[in-house]
Amino acid sequence: MLTRKQHELLTFIHKRLEETGISPSFDEMKEALSLKSKSGIHRLITALVERGFLERRENRARALKVVRLPESAVPKPAGGMFAPNVIQGRFPSGGPSPAPGADTVSLPLYGKIAAGTPIEALRDHSNSLNVPADMLGGGEHYALTIEGDSMIEAGIQDGDTVIIRRCDGADNGAIVVALIDEHEATLKRLRRRGNSVALEPANAAYETRIFNPDRVRIQGRLVGLLRRY
């Protein structure tokens with residue numbers, strides 16, 4: 001399944017090919033999707049090619065071929081690296097830890113973390129959140145509330161509560177809590193590029209930020225997600 005932006009771009013390319021026989025330029029695609037940069041279009045096209053919806057024709061300018069169209073336009077997590085374990089419903093926040101043998105675990109709820117413009121994570125140790133025990137593996141965990149929309153194409157929405165396993169390192173491509181310059185915390189996908197660290201959003205409207213490794217410290221890795229309705 002495709003994300004909303006991937007579906008919009010595929011539909012736009014398909015319509016333009018049917019009308020003119022020529023695929024649109026990157027500028028035209030950027031304008032049609034109201035994106036800020038061509039790099040966002042490049043990421044969307046790459047994802048569509050990898051998923052078998054688009055094909056690049058070698059040695060030809062503006063040569064894209066629509067291989068197939070999706071059966072549904074419902075947005076789904078992008079990238080294939082993290083499909084959120086979404087628990088939906090009304091979960092109690094606060095309160096004591098569960099008794100031994102209970103099916104919930106009380107985690108510290110530290111506050112809001114930006115999934116758009118990085119902000120400092122609010123570490124309020126007075127708040128807690130009860131979550132299903134089967135969401136957690138080994139290790140220490142905590143919860144943060146998402147603020148912003150830069151991870152929506154990974155299925156993470158504004159207002160969601162993410163469950164983080166504490167760690168100081170993560171595999172390339174993992175979604176992590178990253179501390180930038182010891183005061184900005186953000187939730188992004190981790191990419192290592194040579195001697196640099198890239199923090200990549202899952203929303204083509206946002207730019208990837210690249211840092212020297214000594215400016216970024218991993219605070220934890222995303223393992224689950226809660227959503228209230």
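Read-outs throughout are calculated quantities, based only on the coordinates presented, and are distinct from any laboratory measurement. Because the structure is a prediction, the values reported are computed rather than measured. Ideal geometry is used to build each Cβ from the backbone, glycine not excepted, and the neighbour counts take in all protein chains shown.
At a glance:
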read-out	value
Amide hydrogen neighbours beyond the local backbone of Gly220, cut-off 5 Å, H modeled	Cys167, Val177
Pairwise label distance in nanometres, Asp134 with Thr20, each label 7 Å out on the Cα-Cβ vector	5.3 nm
Mean Cβ count within 10 Å, highest first, over the residues of peptides 171-182, 204-215, 153-164	153-164, 171-182, 204-215
Long-range HN-HN contacts of His141 with modeled amide H, under 5 Å	Arg166
Simple spin-label estimate for Ser34 and Asp168 in nanometres, 7 Å along Cα-Cβ	4.4 nm
Region 119-206 - Rg over Rh from alpha carbon coordinates, Kirkwood radius	0.95
Cα→Cβ-extended label distance, 7 Å offset, between Arg209 and Gln157, nm	2.5 nm
Calculated FRET value between Asp103 and Ala63, using beta carbons and R₀ = 35 Å, to 0.05	0.05
Rg to Rh quotient for region 1-63, alpha carbon positions, Kirkwood Rh	0.92
Gyration tensor over alpha-carbon atoms, region 171-229, equivalent ellipsoid semi-axes in Å	20, 13, 11
³J(HN,Hα) computed for each position of region 31-42 - Karplus, 6.51 cos²θ - 1.76 cosθ + 1.60, integer Hz, glycine/proline x	5, 5, 9, 6, 9, 8, 8, 6, 4, x, 5, 4
Computed FRET value (nearest 0.05) for Asp27 with Asn195, which takes r as the C-beta separation and R₀ as 22 Å	0.10
